[in-house]
Structure formats: structure tokens, C-alpha cells
Amino acid sequence: MGAFSRLGNDLYSGRRSIDFVGRRWLWYAASAVIIAVAAFGLVSKGLNMGIEFTGGAEYRVTLPADDVSQETADELRQSIAGTGIASAASPVVTTSGSEAITIQTEPVTDDESAEIVATILDSTGAADADISQTEIGPSWGKEVAQRSLLGLVVFLVLVVLFIWAYFREWKMSAAALVALAHDIVITIGVYALSGFEVTPATVTGLLTILGFSLYDTVVVFDKVKENTRNMKQSRRTYAELANLAVNQTLVRSINTSIVALLPVGAILYVGVATLGSGALKDLALSLFVGMAAGAYSSIFIATPLAVQLKSGEKEITEQDARAKARRRRDVDRYADVPTFTEGMPVREAADHDHGSGADDDLDADGEPRRAPVQTPSRRPEASGSGRVVPEAKAPLSEGGSSRRNQPNRQPRSKRGK
């Protein structure tokens with residue numbers, strides 16, 4: 001932990017640096033590969049939509065607490081799948097608390113529903129009064145999807161307005177939105193590849209990770225804004241100042257992500273290994289994947305992309321030219337002294353002293369101007385200034401003070417001896 005803290009201090013002070021911005025094409029390529037795999041899974045396998053979106057039937061059977069276990073749920077799943085009903089070939093069977101087991105299937109007919117109920121009663125030994133049936137229509141799921149899409153659009157609009165108002169940069173808003181889209185595509189691709197069911201809990205997790213990813217990105221952008229506030233006095237380029245901001249927030253981002261992922265990972269393990277299926281598992285998977293992707297995108301995607309979008313601005317190009325020129329002068333200060341040759345145009349000292357700013361020392365290409373320094377003409381020396389002895393107006397003679405005792409360093413007892 002001590003070494004990690006020293007690394008954080010070195011990254012914050014700039015003694016050590018990881019080139020995130022300069023290697024942006026490497027990170028873009030890595031993200032492109034991940035997104036391609038996610039898109040392939042989405043196209044080839046598709047999403048496993050829950051009955052809340054597609055419609056279906058739900059059966060709830062009440063049992064004694066000793067019979068409500070994962071073993072009973074697995075046996076019931078195999079029994080229902082063995083009925084040969086196509087809509088019940090892959091039922092979702094979960095424990096609901098300590099008193100009931102819930103079975104979900106695709107839409108079934110009345111005869112198929114009666115056969116499924118009989119199978120449940122035979123497998124569990126429950127009575128007719130212990131089982132309840134609910135039909136879920138696809139219209140409700142369609143309404144949930146529409147409301148979720150509306151919430152996503154409103155969220156993205158508010159994100160654009162907030163970042164634009166705070167940073168006064170639409171390009172940073174664009175970079176943040178690209179990072180958010182990056183996280184959403186990866187999360188949806190993982191759902192497609194894993195075969196996890198998409199439920200309203202999944203949608204809730206997606207909306208949650210948008211806020212987490214945006215928070216991490218805004219923290220990094222705020223540090224970039226702080227580092228570039230007095231950019232003209234810096235000897236670093238805009239890209240180097242932005243890269244310093246990412247390094248300064250790197251340890252914070254890692255610590256925040258680990259602290260958030262550990263409990264979510266524990267919930268995901270419990271939902272998969274212990275509960276089998278349910279809303280808890282769907283919520284935990286979307287949160288875990290989205291948080292990990294959000295931490296990655298805020299460091300490797302958002303800031304490098306923002307720097308790339310702003311690289312063509314006049315203020316940025318001028319700062320880059322200033323920083324490079326100052327760096328060349330700092331290598332050998334004596335190499336910047338001009339050499340006088342006959343016929344060289346002379347620049348007046350007044351023009352140099354009263355220039356408009358640091359840009360006056362650079363030419364159009366950002367190179368330092370090498371005009372010779374003109375030696376000022378020797379002005380007439382004033383009388384009595386110490387350089388020219390004034391003419392004597394009268395012969396020198398002893399004054400009255402010349403006979404006085406002059407101060408000395410001897411003790412008083414020895415003075416005058």
C-alpha cells in the first residue's frame with residue numbers, strides 16, 4: 001500500500017507519467033475490438049428478453065419453508081421442461097423469499113397452462129389453493145421499454161446541457177456522450193453473450209451506470225479545466241496538461257471503482273450461485289459490467305477524445321507552439337543568443353520591451369525570433385556621477401575636520417597611546 005501511495009504522489013506531481021493521451025489510438029483499437037465482440041454477440045445471439053417485455057405466464061406456489069430451496073426449484077424446472085410444451089421448454093424458476101417458488105414461462109394456451117399447473121402440483125405435493133397464476137401481456141413490457149427509452153433520452157439531454165454549462169465546451173460534452181455510448185454497448189453485448197435475461201431490473205442497472213460513468217468522466221474533465229486555466233504560463237502543451245490531469249485522478253478512479261465493484265460483485269455471485277435467477281442477478285450484472293466499462297472509458301476514451309477534438313483550436317495550437325519553443329530554449333539558453341553579421345536588420349529595444357505579450361517572441365511558425373540586441377549608444381556622463389572627474393574650482397586645502405581624532409577599533413584604554 002505504501003508503494004501504491006508513492007506511485008499516486010509521483011503521478012500527481014508529474015514525476016512519473018503514463019501517456020494516456022499520446023497512445024489514444026491504442027486505446028481506441030482496444031475499445032473497437034471489445035465493441036466488435038459485443039456487437040457480434042448482439043447480432044448472432046440477440047437479447048434474452050424477459051416476460052415483462054415479451055409477455056408470458058407466471059405461477060407462484062406456496063410451500064413450507066423446508067421445501068423452498070434451490071434443489072426444489074431445480075427439480076421443478078426439469079419437470080416443467082419435460083412436459084414437451086414449447087413455450088415452457090426453458091422456464092425461469094426462482095425461490096421467492098422463504099415461503100414460495102415462482103415459475104415464469106412464455107405465453108401459453110389454457111390447455112398448456114392446465115398441464116403446467118398439474119405438473120407443479122405433482123412435483124411439489126401442493127394443493128390447488130397453494131398455487132396462483134398471473135398472465136403478463138406484452139403491452140405492459142412495451143410500455144416499460146418506451147418509458148425506459150424516454151428516461152434515457154432525457155438523461156442524455158440533461159448531460160449535454162450540464163457539461164456545456166459547466167465547462168463551456170460542447171466538445172467535452174461530445175466526448176462524454178461517446179464514453180457513455182461505449183459503456184452501454186459493452187454492457188448490452190455482455191448480456192447477449194452471457195444469455196442473461198433482460199428484465200426491468202436490467203434497465204434500472206443501465207440507467208444507474210450512466211450516472212456512475214458520467215461522474216467519473218466529469219471529475220477528470222474538471223481536473224483538465226483546472227490544469228489548463230493558466231495555460232499560457234505553462235511549459236506544457238494542452239495534451240500534456242490533459243494527460244497530467246488523467247494521471248492525477250488515476251488513483252482516485254481506481255480506488256473508487258474497486259470500492260464500488262466489490263459489493264456489486266458479491267451481489268452478482270449470490271444472485272448467480274445461490275439464488276439462480278431473478279431481479280437481483282440482472283441488476284448486479286448490469287452494474288458490474290457498466291461500472292468496469294465506465295472506469296475504463298473515463299480514463300482511456302473520454303479525455304483522449306476531448307483532446308483530439310480540441311487539438312485544432314487556435315488557442316491550443318498557439319499554446320503548443322509556445323511550449324515547444326520554450327522547451328527548445330531551455331535545452332541550451334546560450335544557443336538562443338543571436339550572432340551579429342553585417343547587414344542584419346536591427347530590432348529596436350523599445351519594441352521588445354513594450355511587446356503585447358509572450359507571443360511577440362515567436363514568429364508565425366512558433367519559432368523564437370533571433371533579432372540581435374542593439375547596444376545602446378553611450379550617453380554623456382553627468383558631472384559628479386563617479387565616472388568623470390569634475391574640474392577643480394579651487395586648490396585643495398586642509399579642512400578643520402582633518403585634525404580630529406578618527407574612529408578606530410582599539411579599546412578605549414589604548415586610544416591616544
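Which of the peptides 36-42, 54-60 is most tightly packed, and how do the rest follow, judged by the mean count of other Cβ atoms within 10 Å per residue? Display every interim value, and only then the final one.
Numbers: 36-42: 15.9, 54-60: 19.3.
Highest-to-lowest ranking by the protection proxy: 54-60, 36-42.
If you count, for each residue, the other Cβ atoms within 10 Å and average over each peptide, how do 304-310, 66-72 line up from highest to lowest? Present the calculation step by step, with values, prior to reporting the outcome.
Values: 304-310: 21.3, 66-72: 13.9.
With the highest mean Cβ count within 10 Å placed first, the list reads 304-310, 66-72.
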- Between Ala114 and Asp67, what FRET efficiency comes out of the Förster formula 1/(1 + (r/R0)^6) with R0 = 35 Å and r the beta carbon distance, rounded to 0.05? 0.95
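So if each residue of separation counts as 0.36 nm, and I subtract the Cα-Cα distance between Val157 and Met49, what length gain in nm does that give? Don't jump to the answer; show the numbers that get you there.
Working: separation 108, 0.36 × 108 = 38.88 nm, distance 2.71 nm.
Here the segment from Val157 to Met49 would lengthen by 36.2 nm.
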- Task: With label points built 7 Å along Cα→Cβ from the Cα atoms of Ala32 and Tyr166, find their separation and express it in nm.
- Result: 3.1
- What ranking do 45-53, 264-272 get when scored by the average of other Cβ atoms within 10 Å per residue, highest first? 45-53, 264-272
- Using θ = phi - 60° and the Karplus curve 6.51 cos²θ - 1.76 cosθ + 1.60, what whole-Hz ³J(HN,Hα) does each residue of the stretch 26-38 get, with Gly and Pro shown as x? 5, 5, 4, 5, 4, 5, 4, 5, 5, 5, 5, 5, 5
- Footprinting exposure proxy for Met291, Met231 (fewest neighbouring C-beta atoms within 10 Å first): Met231, Met291
- Item | Net lengthening on full extension, Ser132/Ser194 (0.36 nm per residue, minus Cα-Cα) | 19.2 nm
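Can you give the extra length, in nm with one decimal, that the chain gains between Glu315 and Gln233 once fully stretched, where that is 0.36 nm per residue apart less the Cα-Cα distance?
Gain in length upon complete extension: 28.2 nm.
For the stretch 56-136, what is Rg from Cα atoms divided by 2.2 N^0.38 Å, rounded to two decimals?
0.96
We did not get these values from a lab; they are worked out from the coordinates using the rules stated. Fair warning: this is a prediction, and the values are worked out from it, not measured in the lab. With ideal geometry, Cβ positions are generated from the backbone for all residues, glycine too; neighbour counts draw on all protein chains shown.
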